[in-house]
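Engineer: One structure coming up, written as structure tokens, with questions to follow.
The values are calculated or read from the model by the stated rules, or taken from the named source; none is laboratory data. Every value quoted in this text rests on a predicted model; they were computed, and no experiment measured them. Methodologically, a virtual Cβ is constructed for each residue, glycine included, from the backbone with ideal geometry; neighbour enumeration extends over all protein chains shown. Calculation scope for accessible area: heavy atoms of the full protein, side chains included, ligands and nucleic acids excluded. Shrake-Rupley method; radii C 1.70, N 1.55, O 1.52, S 1.80 Å.
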Amino acid sequence: MQTLTSNSKVNPAIGGGLSSQNAKAKSLWAYAWETLLKDKVAVFSMCIVGFYIIIAVLSALGVLAGDWDKELGPSYAQPSLEWFFGLDIFGRSVGAKIIKGTEVAMTIGFTASILATLIGVTLGAIAGYFGGKVDEFIVWLYTTFSSIPWILLILGIAFVLGKGLPSVILALGLTTWVTLCRIIRGEVLRHKEREYVQAASAIGGGHKRKLIKHIIPNVSHLIIINFSLQFQTAIKAEVILSYLGLGVQDRPSWGVMIDDAKLELARDPTVWGGLVGATLAMFFIVLAFNLLGDALRDALDPKLKGKS
């Protein structure tokens, strides 16, 4: 007993060293957050995304662009300090329409991405975990979906469901899950044979617990990365649908504004506010999500840690 006490007094530095090493050990999320904060491009992209989210929320609450459909002046008034992007044919503020279009784009991007993520993760996890006939059916399903050009598939679903915001969300959510489903299936196939899953089976863990409690949290970084990429894909697809007349109709949309700009510019080349404003608004949010997706991949993907 005396020897043990002596040793315990002699080795505090060793214990302290181990404690300091443990203190320095960081989780994947803490490491990823620090990596993102050190990346100036990632921080700038997050600021842009945050700015768009604030604009969308304030627009939804009616704080901004609440009177976007109100006539403020003459038709096609030129851009000025009062109306930065000018007025449209009905004398409405183009700037207010851009803000309202931001609300539409962010709403569709978020809800459609959530729907696609839920479908992709659920089907991919079930296919990878259970295998057999279930896996064969799900693989056949997403192979069939991926063999159809996605824009034609979206157009077909939007045409069947009709025009409007809910139809666009459903059309995008039901067609953009394939890539994530394929990724999650492959990862679950790898993870279900790992020791921690076998240990969960040994203590009596059921299929649901092993999937939700153990496997899916270990592939959550891929879900987050894919979500950021799906977000900007949904925004671009909404603009295309609205431009073709199959998207949002009862409120301003960047696609509708770009479509209207064709006639406006043909009538008067100086009426550039709608086209430039909607294009720039779409450009910056899509660029921000692309850059943020790359930064998230570098920060969250464990395979890239050893290369840094």
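For (1) out of contact with any Lys or Arg (no Cβ under 8 Å at 6 or more places or on another chain); (2) of a type in the set (A, V, I, L, M, F, W, C); (3) modelled with pLDDT of 85 or more; (4) assigned to a helix (DSSP H, G or I), each residue gets a yes or a no:
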| residue | (1), (2), (3), (4) |
| --- | --- |
| Ile258 | yes, yes, yes, yes |
| Thr270 | yes, no, no, no |
| Leu275 | yes, yes, yes, yes |
| Thr279 | yes, no, yes, yes |
| Ala288 | yes, yes, yes, yes |
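Engineer: Taking the stretch 129-164, which residues are within 22 Å of Thr107 (Cα to Cα) and either open to solvent by less than 30 Å² (accessible area, probe 1.4 Å) or not in a helix (DSSP H, G or I) (or both)? Let's see the steps before the verdict.
Structural biologist: To start, the set of residues in the stretch 129-164 that are within 22 Å of Thr107 (Cα to Cα) comprises 150-151, 153-164.
Those that are within 22 Å of Thr107 (Cα to Cα) and either open to solvent by less than 30 Å² (accessible area, probe 1.4 Å) or not in a helix (DSSP H, G or I) (or both): Ile154, Ala158, Gly162, Lys163, Gly164.
Engineer: Now, a different point. What number of residues within the stretch 165-175 satisfy the criterion of being in a loop (DSSP other than H, G, I, E, B) and either among the charged types (D, E, K, R) or open to solvent by less than 30 Å² (accessible area, probe 1.4 Å) (or both)? Before the answer, list the steps.
Structural biologist: So the first thing to find is which residues in the stretch 165-175 are in a loop (DSSP other than H, G, I, E, B), and the list is 174-175.
Pick out the ones that are also either among the charged types (D, E, K, R) or open to solvent by less than 30 Å² (accessible area, probe 1.4 Å) (or both) and you get 175.
Total meeting the criteria: 1.
Engineer: Which one is least open to solvent (accessible area, probe 1.4 Å) among residues in the stretch 19-39 that are among the charged types (D, E, K, R) and either modelled with pLDDT of 90 or more or not in a helix (DSSP H, G or I) (or both)? Walk me through it before giving the result.
Structural biologist: Kept after step one, since they are among the charged types (D, E, K, R), are these residues of the stretch 19-39: 24, 26, 34, 38-39.
Those left that are additionally either modelled with pLDDT of 90 or more or not in a helix (DSSP H, G or I) (or both): 26, 39.
Working: Lys26: 115, Asp39: 57 Å².
By that ranking, first place goes to Asp39.
Engineer: Being open to solvent by 80 Å² or more (accessible area, probe 1.4 Å) and at pLDDT 85 or above: is that true of Val63 here? Full working, then the answer.
Structural biologist: Working: open to solvent by 80 Å² or more (accessible area, probe 1.4 Å): yes; at pLDDT 85 or above: yes.
Yes; evaluated as a whole, the condition is true for this residue.
Engineer: Now, a different point. Working carefully through the options Leu244, Leu222, Leu263, find the one that is out of contact with any helix residue (DSSP H, G or I) (no Cβ under 8 Å at 6 or more places or on another chain) and not aromatic (Phe, Trp, Tyr). Working first, answer last.
Structural biologist: Values: Leu244 fails: out of contact with any helix residue (DSSP H, G or I) (no Cβ under 8 Å at 6 or more places or on another chain); Leu222 fails: out of contact with any helix residue (DSSP H, G or I) (no Cβ under 8 Å at 6 or more places or on another chain).
That would be Leu263, the only listed residue that is out of contact with any helix residue (DSSP H, G or I) (no Cβ under 8 Å at 6 or more places or on another chain) and not aromatic (Phe, Trp, Tyr).
Engineer: Just checking, which of Ser75, Ser93 is among the polar types (S, T, N, Q), surrounded by fewer than 23 Cβ atoms within 10 Å (Cβ to Cβ) and free of Cβ contacts under 8 Å to residues at least 60 places away in the same chain?
Structural biologist: Numbers: Ser93 fails: surrounded by fewer than 23 Cβ atoms within 10 Å (Cβ to Cβ).
The unique qualifying residue is Ser75.
Engineer: Next up: Which members of the stretch 185-195 meet the condition of being in a helix (DSSP H, G or I) and over 14 Å from Leu141 (Cβ atoms)? It would help to see each step written out before you state the result.
Structural biologist: As a first pass, look at the stretch 185-195 and keep what is in a helix (DSSP H, G or I): 185-191, 195.
Those that are in a helix (DSSP H, G or I) and over 14 Å from Leu141 (Cβ atoms): Gly186, Glu187, Val188, Leu189, Arg190, His191, Glu195.
Engineer: Another one. Kindly indicate the residue of the stretch 76-105 that is at pLDDT 80 or above and of a type in the set (Ser, Thr, Tyr) and also nearest to Tyr243 (Cα to Cα) among those meeting that condition.
Structural biologist: Thr102
Engineer: Considering only the stretch 117-124, I want to know if a residue exists there that is open to solvent by less than 10 Å² (accessible area, probe 1.4 Å) and more than 22 Å from Met282 (Cβ to Cβ). Break it down into steps so the answer makes sense when it comes.
Structural biologist: Taking the stretch 117-124 first, the residues open to solvent by less than 10 Å² (accessible area, probe 1.4 Å) are 120, 124.
The next check asks that each one be more than 22 Å from Met282 (Cβ to Cβ); those that pass are 120, 124.
Yes: one or more hits.
Engineer: Still on this structure: Looking only at the stretch 226-248, filter to residues that are open to solvent by less than 20 Å² (accessible area, probe 1.4 Å) and in a loop (DSSP other than H, G, I, E, B); which one of those is nearest to Leu165 (Cα to Cα)?
Structural biologist: Val248
Engineer: Pairs, please: C-beta under 8 Å, at least 6 apart or cross-chain, first residue over 21 Å from Gly128 (Cβ atoms) and in the stretch 161-190, second among the aromatic types (Phe, Trp, Tyr) and in a helix (DSSP H, G or I)?
Structural biologist: Thr175/Phe145; Thr175/Trp150
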